[in-house]
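Have a look at the structure below, then the notes.
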Amino acid sequence: MTPEELTARLADIRIPESFARFGLHDALAAAALGLIAGLLIAGLARVATIRKTHSAETARDAIAELSDAEPQARLAGLATLLRDLGGTPPDGLREALYNPRHPIDPAALESAVMAAARQSANR
C-alpha cells in the first residue's frame, strides 16, 4: 500500500462543532492578546525613545530656578543640589547654612554644583 492510498483511506478529522466556530470567547481572547502585545510594544518603544537628560543640564536648570529665591533658600537649595550630586562643599558653606550673617559667594557654590554634575556625568 502506498502512502497516497493510505491517506485516502483515512477518515476525515472530526472535531466538536463548538471548536470549529469562532465565538465570543475566541474574540475576547484575541482582543486580550492584542492588548498585551500592544502594551509590550508601547513599553519597548518608551524605553527606546526616552530622552536622557544629562546631570549638567539638570543642574543648570535647577540653578536657574533657584536664582529668584531668597538668599537663604537659594543657599539651602544649592547645598541640597550639591549633596545630591555627591560634590564637595566649598569652605564656609556649613557656617553660611546655619548663620545667615556669614557671607558666602553663591557663584562659588554654583560652580561647585556644576563641577559635581560634570563629574557625575562622566561616571
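Looking at Leu6, Leu40 in this structure, which one is within 26 Å of the chain's Cα centre (by Cα), over 30 Å from Arg118 (Cβ atoms) and assigned to a helix (DSSP H, G or I)?
Leu40
Considering only the range 62-80, state which residues are loosely packed, with under 13 Cβ neighbours inside 10 Å, hydrophobic (A, V, I, L, M, F, W, C) and more than 17 Å from Ala117 (Cα to Cα).
Within the range 62-80, Ala73 is the sole residue that qualifies.
Being over 22 Å from Ser55 (Cβ atoms) and of a type in the set (Asp, Glu) is the filter; apply it to the range 69-123 and report the residue that is modelled with the highest pLDDT.
Going through the qualifying residues, I end up with Glu70.
Report yes if Ala64 is part of a helix (DSSP H, G or I), closer than 30 Å to Ser120 by Cα and under 36 Å from the mean Cα position of the chain (by Cα), otherwise no.
yes
Counting just the residues of the range 9-23 that are of a type in the set (Gly, Ala, Ser) and not in a helix (DSSP H, G or I), which one comes out least open to solvent (accessible area, probe 1.4 Å)?
Looking at residues that are of a type in the set (Gly, Ala, Ser) and not in a helix (DSSP H, G or I), I get Gly23.
Being open to solvent by 50 Å² or more (accessible area, probe 1.4 Å), touching a helix residue (DSSP H, G or I) at 6+ places or on another chain (Cβ under 8 Å) and without any contact (Cβ under 8 Å) to a residue 24 or more places away in the chain: is that true of Pro89 here?
yes
Kindly indicate which of Ala59, Ala32 is of a type in the set (A, V, I, L, M), in contact (Cβ under 8 Å) with a residue 40 or more places away in the chain and open to solvent by less than 60 Å² (accessible area, probe 1.4 Å).
Ala59
Restricting the search to the range 35-56, which residues are aliphatic (A, V, I, L, M) and in contact (Cβ under 8 Å) with a residue 24 or more places away in the chain?
Once the filter is applied, which keeps residues that are aliphatic (A, V, I, L, M) and in contact (Cβ under 8 Å) with a residue 24 or more places away in the chain, the range 35-56 yields only Ala56.
Conditions tested, residue by residue: (1) of a type in the set (Val, Ile, Thr); (2) surrounded by 11 or more Cβ atoms within 10 Å (Cβ to Cβ); (3) outside any helix (DSSP H, G or I).
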| site | (1), (2), (3) |
| --- | --- |
| His25 | no, no, no |
| Ile36 | yes, no, no |
| Leu44 | no, no, no |
| Leu82 | no, yes, no |
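Of the conditions (1) surrounded by 10 or more Cβ atoms within 10 Å (Cβ to Cβ); (2) under 23 Å from the mean Cα position of the chain (by Cα), Arg94 fails just one. Which one is it?
Arg94 satisfies every listed condition except (2).
The values are calculated or read from the model by the stated rules, or taken from the named source; none is laboratory data. In this text, all values refer to a predicted model and were calculated from it rather than measured experimentally. Every residue, glycine as well, gets a Cβ built from its backbone with ideal geometry; the counts of neighbours run over all protein chains shown. Quick note on the areas: whole protein, heavy atoms, side chains included, nothing else; ligands and nucleic acids left out. Shrake-Rupley method; radii C 1.70, N 1.55, O 1.52, S 1.80 Å.
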